[in-house]
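Engineer: One structure follows; several queries about it will come next.
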Amino acid sequence: MKKENFYIAVYIDMENVCGIDFSLESIMKSCMKSENDDFNFIFAIKAAYGNQSSMPKAFKKSVVEHNFNIIDTPHISAQKNRADLLMSLDAFETLYLDTPRIDRYCFMTSDSDFTVIGDRLRKFGREVWLACRTADNPIESLFIEALSYVNINKLPMNVSVINDRMKMLDPSFDVSKTPYRRFNNLVEAMQQNGHLKVEFDIRSNRVIEVNIT
């Protein structure tokens with residue numbers, strides 16, 4: 001059976017992530033995660049935005065080696081640059097071009113401004129991922145990894161889906177044997193620590209909305 005093409009767009013805000021220690025290779029692999037094995041993942045867009053004169057050489061080399069198109073965005077003032085604005089405009093423009101139709105948008109940034117373009121893209125039925133810092137707590141790190149498998153388009157869903165995915169990733173995981181005791185306590189802790197925004201209905205125990213921050 002021929003696999004269906006699944007198109008991915010990756011945008012890097014180099015201004016915000018160049019000082020963070022991370023593996024670009026690992027993040028690119030994570031962007032291809034899915035519960036459906038029938039997809040042929042294709043990176044249709046790989047773009048990195050930032051002021052090239054201030055980029056660390058090692059970081060810029062990694063971006064080039066992964067065949068990203070680098071868009072130079074010199075600062076328009078002492079502190080402000082246009083990287084975030086151009087990224088948002090370019091991502092939104094793909095909705096109108098629709099050649100190809102982007103199925104998943106991945107933004108690598110620590111800037112909360114991208115929640116705006118993320119919400120708009122979701123309204124058009126697109127998946128939107130935000131790559132963020134890994135939590136220091138290993139249990140919270142496992143939670144974030146499990147969350148990356150969630151199909152945003154299938155919300156609302158039962159919160160147990162995330163719990164089950166955590167057990168698949170780490171068979172030794174048992175929330176009752178952690179300081180959180182209950183899975184809902186873990187979700188609340190993740191929100192309080194600022195790692196993500198999760199809205200769920202406690203009465204029905206169903207996740208309503210998920211936004212990695």
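FYI, it's all coordinate maths here, none of it is from the lab. Predicted, not measured: the structure shown is a model, and the values here were computed from it. Positions of Cβ are generated from backbone atoms using ideal geometry, with glycine treated the same way; all protein chains shown enter the neighbour counts.
Engineer: R0 = 35 Å: FRET efficiency of D37 with D98, Cβ-based, nearest 0.05? Mind dumping the intermediate values first?
Structural biologist: Numbers: r = 26 Å, r/R0 = 0.74.
Efficiency at R0 = 35 Å is approximately 0.85.
Engineer: Using the Karplus curve 6.51 cos²θ - 1.76 cosθ + 1.60 with θ = phi - 60°, what ³J(HN,Hα) values do you get for each residue of region 47-64, in whole Hz, with x for Gly and Pro?
Structural biologist: 10, 10, 10, x, 7, 4, 5, 10, 7, x, 4, 5, 5, 4, 4, 5, 5, 5
Engineer: Of the cross-linked pairs K46/K123; K2/K29; K3/K60; K61/K123; K3/K177, which ones have a Cα-Cα span greater than 31 Å in the structure shown? Working shown, then result.
Structural biologist: Numbers: K46/K123 22 Å; K2/K29 22 Å; K3/K60 34 Å; K61/K123 35 Å; K3/K177 41 Å.
Among K46/K123; K2/K29; K3/K60; K61/K123; K3/K177, the Cα-Cα distance tops 31 Å for K3/K60; K61/K123; K3/K177.
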